[in-house]
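Peer 1: Sharing a structure with you now.
Just so it is clear, none of the values below were taken in a lab; they were calculated from the coordinates. Note that this is a predicted model, so its numbers are computed, not measured. With ideal geometry, Cβ positions are generated from the backbone for all residues, glycine too; neighbour counts draw on all protein chains shown.
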């Protein structure tokens, strides 16, 4: 108004009007500065509170706690054993595959060395998984494992919370990743992608580090819950109208991988209280692990559709072909292979009475043709 | 004179800097009269009939001289100055070979203070001797108390016993402090040096072997960054946003190339009898120190984990060194040969200058490391074996390289001898280090506590009647480590050397089976 042509009396009236609303009551410039300060504070507080609001939920998601999760699919059945079953720790000891004791001395509990055929098995699992998902059009990536904490937050995790899963690096704003989802999410942050490049499909291999703070209870020995492990993670960026479709595609890829390896598993549609803030919908796969006894199944993978929850935080947009305003992409992530859990499954399910372990056929070419892990004959 | 206040109440750090007081009360020295020889110490009260401890006095007067010298700048140990662990250093050997040790420190340009170590050792020995003497006296008193005594005599012995106990406790405390300080200083002393190692700085390193020659290019050569850009193999820019500089994503064929390099290298060294390992990448800081690194120094290469005593490894040498720590191995299991695969994390603090772009110097990378534990008489042989394995690997991949016998100033404290391989990198226009093979003899094993028990029993002795067989005393193993494959440097070599005029890159034959048979990385045809 002040820029335009005004009668002096009109100008004065306008100033008075603003003064009546101003906090300081002095002059326009001060009032403005004060309001702008309020705006920043309000905006920050709003951000902080609003960031806690979880993603919306797919209408088909069952309501309730973990007991309410729905079984989408069940493949195979628990193998019948004619001999007493050993768990992976015992098999590992007899076949000289792991060393948890030395790692406890060197690093602490929940660390381990892989030895001998277990090394080949990890390499084979990673190599085979990568080749499988590459054939389905996923671009392979090897990612940084140290990232700025802000990226972790933007993906929907709490890097500095009390029970944080993230290890922080002393003297810096960096931390270790708990999943390749984080550095892959960061690849296109603060970008506007052309619609024609979507969908972007990545298969990222990384080591993952988790404090497992607050994780108590059973299944904490051995490979069930460890601080460091290798994982191949699928990550998709797509148009909003496609994310449900890609979610189905991702879970199908996972199920095909697990079926190829001969696992017995079930796929769950996770209930509303078990989703985690970023996920619109989440499918977990639980596989049969005979060593767990009556508890039977344990999670081996997770596939989440995060819609625009992460992309709004990471600033990932796309420009639809018809020069419309940019929109936020949808992001999805899914575990293609979490090595320790897969190793438990393979060792425990494929054990033979003589203590050997059969290697699934798809992995044999990646292990130099090896078909079975045989017990060693120790001298002395 | 100074001994009481020298130790009592002063921390290890202040010990070196504190001036020796001219006089102080030394009531706990009640049983240590000053001999006529110790003129400077006539302020000691004379209460006990026991002989003086001339060595101690000499040590004290030496301490006065030592106070003025600056402390060792190589600070191993915690912030409080007290080492958390003890290396089994052979102080007697150092004392008996002081000239050789001093000469070694000189030719390595090390900042270790041999003088201080020897002084502390003498002091410690003196205090130890005193402690033993006092114990003897205390035992004598205790024996007397067992017998029949007049009440007044008994009282005297009780009083004497009490005084002895106090003095003993005080000296034992001194012993601990001296021992800690000695440890800290002595840990800085570098390993001895192989007689064939050239003396001097990096220009003095000797070329042991040269294989191949720089490839002649009929077109202008691209460096790996440009090749990576054109072939869509890396992303440094996104990584700079996500993680910081010197981080990167590998993409497409570069992922396959890394997997192929690691898989092929592991299979090659397994065929040579190495046990494959995948190791933790988070370790306790003390393990890093025991391997001879400085996890909390100023220019440390180690990333520390906040709120814990752990840090990230810079090499699998560290967790593998830890596998057998504080153990006694049977001689029959030696040699132990491991091929360990891990990611490695390095701060690269203090690494300035050129050759920091691209893959040459990065904070995170994959590496296959060979580690050997063996008998002392075999370490030279295994050093030769390790460098030969490395050279065979690099020759198989068609690299042009030279092997260097590193000069004395370039060895690093743990290495008795070190061979580095430098390969030709056309994009850099010079040779770049791709591997390092060190013989650490017993430097690491004395810190990690890795011993073996020799197998030989005395064959000709008469077996004792019903007794156990004679066990030979344990010895420290020798440890060696050698890079089988450091992926980023190998990648630079392969990309830059194997580039074709059309921008493609030929994959070396040994790696093709590990890349699904792929023979060449082709330029992509981008749409739009």
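Peer 1: Measure nothing but the geometry: give the 0 to 90° angle between the long axis through the Cα atoms of A:243-260 and the longest principal axis through the Cα atoms of chain A, rounded to 10°.
Peer 2: 10
Peer 1: Continuing with this model, one more query. For segment A:197-238 and segment B:354-402, compute the distance between their C-alpha centroids and round to whole Å.
Peer 2: Computed from Cα coordinates, the inter-centre distance equals 31 Å.
Peer 1: For a distance above 24 Å, tell me the whole-number percent of Cα pairs in segment A:161-320 that qualify. Let's see the in-between values first.
Peer 2: On the way: 5310 of 12720 pairs.
Value for segment A:161-320 (Cα pairs over 24 Å): 42 percent.
Peer 1: Moving on. If you consider only alpha-carbon coordinates, what radius of gyration and Dmax does chain A have, in Å?
Peer 2: Rg, Dmax (Cα atoms, Å): 26.5, 107.
Peer 1: Further question: Taking just the C-alpha trace of segment B:112-175, give me its Rg and Dmax in Å.
Peer 2: Every Cα atom of segment B:112-175 included, Rg and Dmax give 16.3, 58 Å.
Peer 1: When only alpha-carbon atoms are used, what values of Rg and Dmax, in angstrom, describe segment B:369-415?
Peer 2: Final numbers for Rg and Dmax: 12.7, 34 Å.
Peer 1: Rank by packing, highest mean first: peptides A:366-372, A:341-347, B:298-304, A:226-232, with packing defined as the count of other Cβ atoms within 10 Å averaged across residues. Let's see the in-between values first.
Peer 2: Details: A:366-372: 14.3, A:341-347: 25.0, B:298-304: 18.4, A:226-232: 22.6.
Per-residue mean Cβ counts within 10 Å order the peptides as A:341-347, A:226-232, B:298-304, A:366-372.
Peer 1: Just want to confirm a number: the relative contact order over chain A, from Cα pairs under 8 angstrom separated by 6+ residues, in percent. Walk me through the numbers on the way to the answer.
Peer 2: Values: 700 pairs, mean separation 79.2, N = 380.
So the answer I get is 21 percent.
Peer 1: Averaging the inverse of every distinct alpha carbon separation and then flipping it gives the Kirkwood radius. What is it for segment A:107-248, in angstrom units? Can you show the working numbers first?
Peer 2: Details: mean 1/r = 0.0592 Å⁻¹.
After inverting the pairwise mean of 1/r, the radius is 16.9 Å.
Peer 1: Shifting gears a bit: If you wrap a convex hull around the C-alpha atoms of segment B:238-302 and split its volume per residue, what is the figure in Å³? Before the final figure, lay out the partial values.
Peer 2: Values: hull volume 9.1 nm³, N = 65.
Here the figure is 140 Å³ per residue.
Peer 1: What whole-number distance in Å separates the alpha-carbon centres of segment B:210-268 and segment A:30-70?
Peer 2: Between the Cα centre of segment B:210-268 and that of segment A:30-70, the gap is 42 Å.
Peer 1: Need one number: % antiparallel among DSSP beta bridges in the protein assembly as shown, to the nearest 5.
Peer 2: Details: 106 of 122 bridges.
Bridges in the protein assembly as shown are about 85 percent antiparallel.
Peer 1: Any number yet on Rg/Rh for segment B:204-317, C-alpha, Kirkwood?
Peer 2: Numbers: Rg = 19.2 Å, Rh = 18.4 Å.
Taking Rh as the inverse mean 1/r over Cα pairs, Rg/Rh reads 1.04.
Peer 1: To continue, here is another question. For segment B:265-383, just list the percent of Cα-Cα distances falling in each 10 Å bin from zero outward, please.
Peer 2: Going out from 0 Å in 10 Å bins, segment B:265-383 shows 12, 37, 33, 15, 2 percent.
Peer 1: Under 4 °C and 1.567 mPa s, how fast does the protein assembly as shown diffuse according to Stokes-Einstein, given a Kirkwood radius computed over C-alpha pairs? Answer in µm²/s, whole number. It would help to have the intermediate numbers written out before the result.
Peer 2: Values: Rh = 32.0 Å.
Reported coefficient: 40 µm²/s.
Peer 1: Right, next: What's the Cα-based Rg to Rh of segment B:126-235, Rh via Kirkwood?
Peer 2: Details: Rg = 34.9 Å, Rh = 22.0 Å.
Value, to two decimals: 1.59.
Peer 1: Additional query: Return the Rg/Rh value of segment A:1-111, two decimal places, where both radii are evaluated on C-alpha atoms and Rh is the Kirkwood radius.
Peer 2: Working: Rg = 34.4 Å, Rh = 23.2 Å.
Taking Rh as the inverse mean 1/r over Cα pairs, Rg/Rh reads 1.49.
Peer 1: Additional query: For segment A:228-371, what is one quarter of the convex hull surface built on the Cα atoms, given in nm²? Intermediate values should be presented prior to the final figure.
Peer 2: Details: hull surface 45.4 nm².
One quarter of the hull surface, i.e. the mean projection, equals 11.4 nm².
Peer 1: How big is the gap, in Å, between the Cα center of segment A:71-112 and the Cα center of segment A:252-266?
Peer 2: 19
Peer 1: Which angle between 0 and 90 degrees, to the nearest 10, do you get for helix A:117-135 versus the longest principal axis of chain A when only C-alpha atoms count?
Peer 2: 50
Peer 1: Need one number: convex hull volume per residue for segment A:66-113, Cα atoms only, in Å³.
Peer 2: On the way: hull volume 7.9 nm³, N = 48.
So the per-residue Cα hull volume is 165 Å³.
Peer 1: In degrees between 0 and 90, to the nearest 10, how far off the longest principal axis of chain A does helix A:8-21 point, with axes built from Cα atoms?
Peer 2: Around 40 degrees separate the two axes.
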